[in-house]
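To start, I am sharing the structure in question, which I have written as C-alpha cells.
The values are calculated or read from the model by the stated rules, or taken from the named source; none is laboratory data. What you see is a predicted model; the values in this text were computed from it and never measured. Every residue, glycine as well, gets a Cβ built from its backbone with ideal geometry; the counts of neighbours run over all protein chains shown.
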Amino acid sequence: MIDAHIHIEKSPYTIDWINEYVRYAQERGLSEINLLEHTHRFTEWMPLYEASRKKDPLAAKWVDDHITIPIQDYYDFIQKAREYNFPIKVNFGLEVCYFPDKNEFIKDMLNEFDFDFVVGSVHYAFDVPYDIKGLSEKILWDKYPVDDIYEDYFDRCMKCVESGLFCQLGHPDTIKMFDSYKPSIDTAPLYEKLADSLHRNNVMAENNVGCYYRYGHPDMGLSDDVFNIFRDKGVKIITASDAHKPEHVGMYIKEITNK
Ligand SMILES: [Zn+2]
Ligand SMILES: [Zn+2]
C-alpha cells in the first residue's frame with residue numbers, strides 16, 4: 001500500500017520529524033510514502049502566484065502569509081534524507097499549484113532539482129483559490145456562477161495534465177468540496193475528457209481522501225462516478241491521504257486500496 005500525497009509542513013527539516021511519518025505509515029501497513037511540500041511555502045516560487053496576487057488582495061495576503069522559506073532548505077534536506085535508511089520506501093517531491101500560463105517558469109524551477117515525483121494540482125479557478133474555507137466562498141464561490149467555476153477548473157486540469165510537467169494529478173475532484181455550491185451542468189463528460197487526457201499523457205490520478213476526513217465531505221476519496229470513469233478509461237489511480245501531520249499518514253488508505 002502506498003500513501004502518495006503527504007505534507008511535511010514543518011521546517012527546519014529533521015530526520016526525526018520524517019521518522020514520525022514513517023512510524024504511522026508502518027502502523028497502518030504502508031510500504032511506501034510520498035512526502036511533499038506545497039510550492040506556496042517557498043519564496044522562489046512567488047512568481048507562480050503573480051496573477052492571483054494581482055486579482056484579489058485577500059488571495060495575495062494568503063500567499064504572502066504562507067510563502068516563507070527558501071527552497072534550498074528543502075533541497076538540502078532531501079539530499080540528506082536520501083542517505084538515511086528508512087524501514088519503508090520514502091520518496092520526496094513537490095505539489096505544484098498549477099497555473100496554465102506558467103509552464104515555462106514551472107519547467108525551469110523543476111529543472112533545478114531531481115525530485116522523486118512531482119504532483120500537479122489545480123487549487124485555483126479564475127486565479128483565486130477554490131478550497132480555502134472561510135476565504136474561497138467570499139472571493140470565488142459567491143462571486144462567479146458555479147458552472148463557470150467548474151468549466152474553468154476543468155480547463156486548468158486539462159492543461160495541467162497536458163503540460164507534460166507532472167507524473168500525478170492531485171485530488172482531481174476536490175472542486176466538489178463545498179457541498180453547498182453545486183453545478184447545474186453534467187460533469188461526467190468533463191471527467192471523461194479529463195480521463196482520456198490522463199490516460200493519453202500517462203499521468204496518474206490521485207484517489208485522495210483529504211476532503212473526506214479534513215473537510216467532512218461524504219465521499220471517501222473520488223466519488224464513485226469519477227472513480228468508475230477513471231477506471232473504465234484505464235487511468236492509473238494512486239491512493240493518497242493528503243495528510244498534513246504524521247498522525248494522518250495512511251488514513252483510509254486500506255479502505256480505498258483495491259476499491
Ligand atoms: Zn492540493
Ligand atoms: Zn496536498
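Residue pairs, Cβ under 7 Å, 6 or more apart or interchain, first in region 34-51 and over 13 Å from residue 244 (Cα atoms) and within 11 Å of ligand 2 (Cβ to nearest atom), second outside any strand (DSSP E or B) and among the polar types (S, T, N, Q). List them.
none
I've got another one for you. Tell me which residues, restricted to region 150-169, are surrounded by fewer than 21 Cβ atoms within 10 Å (Cβ to Cβ) and of a type in the set (A, V, I, L, M).
Result: 158, 165.
For region 4-18, name all the residues that are within 12 Å of ligand 2 (Cβ to nearest atom), at pLDDT 95 or above and either touching a Leu at 6+ places or on another chain (Cβ under 8 Å) or in a loop (DSSP other than H, G, I, E, B) (or both).
5, 6, 7, 8
Each row is one residue, and each column tells you yes or no for (1) within 16 Å of ligand 2 (Cβ to nearest atom); (2) under 27 Å from residue 26 (Cβ atoms).
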{"position": "223", "(1), (2)": "no, no"}
{"position": "228", "(1), (2)": "no, no"}
{"position": "234", "(1), (2)": "no, no"}
{"position": "243", "(1), (2)": "yes, yes"}
{"position": "246", "(1), (2)": "yes, yes"}
{"position": "249", "(1), (2)": "yes, yes"}
{"position": "258", "(1), (2)": "no, yes"}
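Just one of (1) within 30 Å of residue 258 (Cα to Cα); (2) in a loop (DSSP other than H, G, I, E, B); (3) at pLDDT 95 or above; (4) not aliphatic (A, V, I, L, M) trips up residue 26, so point out which.
(2)
Follow-up. Looking at 16, 3, 56, which is the one that is more than 19 Å from residue 247 (Cβ to Cβ) and acidic (Asp, Glu)? It would help to see each step written out before you state the result.
Working: 16 fails: more than 19 Å from residue 247 (Cβ to Cβ); 3 fails: more than 19 Å from residue 247 (Cβ to Cβ).
Criteria check complete, one pass: 56.
Is it fair to say residue 92 is under 30 Å from residue 26 (Cβ atoms), more than 16 Å from ligand 1 (Cβ to nearest atom), in contact (Cβ under 8 Å) with a residue 12 or more places away in the chain and surrounded by 15 or more Cβ atoms within 10 Å (Cβ to Cβ)?
It is true that residue 92 is under 30 Å from residue 26 (Cβ atoms), more than 16 Å from ligand 1 (Cβ to nearest atom), in contact (Cβ under 8 Å) with a residue 12 or more places away in the chain and surrounded by 15 or more Cβ atoms within 10 Å (Cβ to Cβ).
Run residue 225 past the list (1) more than 15 Å from ligand 1 (Cβ to nearest atom); (2) surrounded by 20 or more Cβ atoms within 10 Å (Cβ to Cβ); (3) not polar (S, T, N, Q) and report the number of the one that doesn't hold.
(2)
Same structure again: List the helices (runs of 4 or more DSSP H) that sit entirely inside region 147-243 and contain at least 2 residues that are out of contact with any Gly (no Cβ under 6 Å at 6 or more places or on another chain) and at pLDDT below 95. So that I can check it myself, show each step before the final result.
On the way: elements: 188-200, 210-214, 224-232.
Of the helices (runs of 4 or more DSSP H) lying wholly inside region 147-243, those with at least 2 residues that are out of contact with any Gly (no Cβ under 6 Å at 6 or more places or on another chain) and at pLDDT below 95 span 210-214.
Sticking with this one: Among the residues of region 180-191, which ones are touching a residue at least 40 places away in the same chain (Cβ under 8 Å) and under 20 Å from the mean Cα position of the chain (by Cα)? Let's see the steps before the verdict.
Going residue by residue through region 180-191, those that are touching a residue at least 40 places away in the same chain (Cβ under 8 Å) are 181, 188, 190.
Hit for region 180-191 is 190, nothing else.
Go through (1) buried (at least 16 other Cβ atoms within 10 Å of the Cβ); (2) under 23 Å from residue 8 (Cα atoms); (3) within 16 Å of ligand 1 (Cβ to nearest atom); (4) touching a residue at least 24 places away in the same chain (Cβ under 8 Å) one by one and return the number of the condition residue 133 breaks.
Result: residue 133 fails condition (1) only.
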